[in-house]
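All remarks here apply to the structure that follows.
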Amino acid sequence: MRVYYRPLAQVGPARPEGAVALAGGWAWFTHAEALSRTEPSRVIPAQEIPAEPLAALTAPRAPVGGLQMGQPRVMGILNATPDSFSDGGLHAAADDAIAAGLRMRDAGVDLFDVGGESTRPGAVTVDPEEEARRVVPIIAGLRDTGVLISVDTRKACVAEAALEAGAGLINDVSGFTYDPALAGVAAGAGVPVCVMHALGDPATMQKNPQYENVLLDVYDFLAAQIAVLAGAGIARDRIIADPGIGFGKTLEHNLTLLSGLSLFHGLGVPILLGASRKGFIGTLGNAPLAGSRAGGSIGVALAGVTQGAQILRVHDVADTLQAITLWRAAISGRRDD
């Protein structure tokens, strides 16, 4: 029987005896939920977790593209598409996207995520040449900002063009299952990657998604893909994992993943949480328009930070950064210098 360990993460300066750091970061835990596919869950002291999974849960994460993972990082979304669910068309012109990126930089963003293919539910695949045409000018225009640039693509040829333009991270929503050549591109370039879980492709992923156990199923997929990427020559310390909120998940699936997010620290890599403005936020927050979901998005982001998620992929960069600053001050009882 395989056992999975979900740390019961806490934050705050007063750590009780026996508490251990979660992923070497700001959160810590004294107990964990032991989960399996066949037995009821149970809560155990951290000291009862076997050595190998405990090491994966507690080891400090390596820097990503020069960014230390000992504090929450914010990734700003720049969709160079006409049809993305929230900001389609706003950044379709390169000059508009670059201007938006500069505003994000001035606000203090840590990463840009530039995408040229909508992955909203029902979206169709974009021709690679068109996708590259959308993203390359934006990446080139932002390469000298000092901000790490991620290209959000499933396609090897788009990634190659983006890397040449100045991107330093590949973020694949298919979890490196769409284009078998993409892992080789990342390995050859020596850049970090983000592997995400999605059930099906954007055109079909929301058509009655089913799981045996969504938390464990997503975990197993990510663990398997991390092993595949490592076998392809991508060092584990250059891999980020994203559970894929909203990608082939119902509202209930999303909430299960969010409440169990700390489980994914067991993968031994940084966690990226991308829930910004997603449909379930509109449903629960009574916000049918995606642009009016900043409050709900920030609430979910802070819940993720409380569970130790290192990277937040967001639309509302300045508001999210402000929220994190106040969250940290309220938790610690002091202001950061």
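The values are calculated or read from the model by the stated rules, or taken from the named source; none is laboratory data. Here the structure is a predicted model, which is why all the values come from computation and not from measurement. No Cβ is skipped: glycine too gets one built from the backbone with ideal geometry, and neighbour counts run over all protein chains shown. Areas reflect the complete protein model, heavy atoms only, side chains present, ligands, DNA and RNA absent. Shrake-Rupley method; radii C 1.70, N 1.55, O 1.52, S 1.80 Å.
A few comments on the model shown:
- Globularity ratio of segment 1-75, using Cα Rg and 2.2 N^0.38 Å: 1.21
- Extension gain for ALA99-ALA14 works out to 26.3 nm (0.36 nm per residue, less the C-alpha to C-alpha distance).
- Cα convex hull of segment 206-267 - mean projected area over all directions, nm²: 4.4
- Note on segment 120-172: Kirkwood radius taken over Cα pairs, Stokes-Einstein applied at 20 °C and 1.002 mPa s, translational D equal to 190 µm² s⁻¹.
- Its relative contact order, with pairs defined as Cα atoms under 8 Å and 6+ residues apart, puts the chain at 18 percent.
- Checked against a 19 Å cut-off, the cross-linked pairs LYS155/LYS278; LYS155/LYS207; LYS207/LYS278 give Cα-Cα distances beyond that limit for LYS155/LYS278; LYS155/LYS207.
- Using alpha carbons only, the radius of gyration of segment 208-337 set against its Kirkwood radius gives Rg/Rh = 1.00.
- Nearest 10 degrees, 0 to 90: helix 156-165 Cα axis against the chain principal axis: 80
- By the helix-only formula, in which each DSSP H run with n ≥ 4 contributes -39500 (n - 2.57) and the sum is divided by residues, the chain has a 222 nm mean residue ellipticity of -10500 deg cm²/dmol.
- Part-to-part distance (alpha-carbon centres) for segment 304-337 and segment 1-78, which is given in Å: 18
- Ratio Rg/Rh, restricted to the chain and using Cα atoms, in which Rh is the Kirkwood radius: 0.95
- By average C-beta atoms within 10 angstrom, highest first, the peptides 314-327, 239-252: 239-252, 314-327
- Heavy-atom accessible surface of the chain: percent carbon and sulfur, 1.4 Å: 53
- With a Förster radius of 45 Å applied to the C-beta separation of THR283 and GLN71, the computed FRET efficiency comes to 0.90.
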